[in-house]
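What follows is a set of notes on a single structure, which appears directly below.
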Amino acid sequence: MSSPSSRTGRLRVDLLSDPVDPSLRLFALPLTFSFLVQFLYSLIDRFYVSRLGVEAIAAIGSIDQIVFFVFSLGSGFGVGSGVLIARRIGEGNRDEASRLTAQAMGGMFVIGTVITLVMYASISLIPKALGLTPRVSDYAMQYMSTLFLGLVGNFMTFQISAIVRSTGNTVYPMVILLSTTVINAIVAPFLIFGIGPFPQMGMMGAGLATASAQLAGATLSLWAMLTGKAGIRPDTTHRRLRGDVLLRIAKQGIPASLQMLSVSLNRVGIFAIAGTFGTNVIAAYTLGLYADMVVFMFVFAVGMTVEVATGQNLGAGNMSRIAAYHRSAIKQLSLLMLILGILVYSFGPAFVSLFTTDATTVAIATQYLHLSVFGYLFFAIGFISVRVISGAGAALQSMSIAAGCMLGVQLPLGYLLSNVAGWGHTGIWIAIVIGYGVFAVVALTAYRMGRWRHVTI
């Protein structure tokens, strides 16, 4: 009978020696499925909540951006630890990787706890900051009151998943996400609609279902790590958090957080601009993003594969394989983005209609999708290129590219085209596509210049 470690070994993809094209697919497929499951996880609440009306859709869409903003503050720590652990794995230093694992998990628990306390302390300020209408604001407050209970669990699950992926194993994170999605799918309708002995909680029920699933996911993740079933076990010989180790992680993690934060701020800004054109535009953008995110899950999965491959191969001194992974990723994603773009353009309106029958919202969301598909390939090229840069440890450069293109181009251009040029909400959609184009050019140029090759971490 095989041991747990041998079974785990068969789940790993060898990014140091396996053929590039198939290893990229083998590593990315479980990741893609994980992201799609995570997306389904979010759609479950939105599908049920959509039965409460357009205001409820607008509320959950707006709070999504706040949650992403908050998550960006702490998740960079997980990204930073993953980059360091992948480099140590490439160097063959698993003992140091285990020590980094323990420190990263402890540090993330502290971060998650502090952020949760801050969010509850400022919960009444969020709807005002977003400029929500009284009805939408009421829904948002109900949702946040229970949703934030799961923040610590969400952070811990992300941290552990980042660690496990850095070893070459993408199957265990997929299993954890699938488990939490099933839990949420089962619990959500009972709490939202008051089925059986459960009280009808509406938006509070949606938040509580998500929080419960996130805490369950964290418990499963911790069990997998502490029992060694995830392929790497934290070294708890020294249980105190070490400032020098946390600082090394933070040096990678802070720019990663700022990069995600820039994306979050950009979306919050776009929602704010869209809000000036009415609730229907906010709801339409929310639903349009759902379709976009289905496509981007494939890009995220391939990008994270390239990031791990870059870290491991830099540690092993295999520079040529990094370039090979970059070429392979862009080649495979180019074909995929063409296919998915055609599907979204053709069937996007039907997808939107699953969530609302409001004719105005459907029409605006359809217009958004018919424009946004032209940015898919640009986004893919930009994302893959910055993932090579961040995987090498050049987190500050990666952050500067993403923040500059999102906050420096896409957001202000959205305001100028929609309000100054007088194009209305259509100007916002056009600015989003142009922003992706600029992102692709800048990121690809930075990749080819190659400053990231000389970073030491």
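Every read-out reported here was derived from the displayed coordinates using simple, explicitly stated rules and does not represent laboratory data. As the structure is a prediction and not an experimental result, all values here were calculated from the model. As a convention, Cβ positions derive from the backbone with ideal geometry for all residues, glycine included, and neighbour counts pool all protein chains shown.
Tabulated data
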item: Stretchable slack from residue 342 to residue 370, in nm (0.36 nm times residue separation minus alpha-carbon distance); result: 9.1 nm
item: Per-residue Cβ neighbour rank within 10 angstrom, fewest leading, 114, 442; result: 114, 442
item: Sorted by Cβ density within 10 Å, fewest first, the residues 95, 244; result: 244, 95
item: Footprinting exposure proxy for 454, 370, 425 (fewest neighbouring C-beta atoms within 10 Å first); result: 454, 370, 425
item: Region 376-440-region 304-359 distance, computed between alpha-carbon centres (Å); result: 16 Å
item: Pair residue 129, residue 251: separation of 7 Å Cα→Cβ label points (nm); result: 3.1 nm
item: The chain - charge dipole about Cα centre, Lys and Arg +1 at Cβ, Asp and Glu -1, debye rounded to 20; result: 1100 debye
item: Added length on full extension, which subtracts the Cα-Cα distance from 0.36 nm per residue, residue 237 to residue 320; result: 26.1 nm
item: Rounded FRET efficiency, nearest 0.05, which uses the C-beta distance separating residue 454 from residue 200 and R0 of 45 Å; result: 0.15
item: Length gained when the stretch residue 179-residue 441 is fully extended (0.36 nm per residue, less Cα-Cα span); result: 90.4 nm
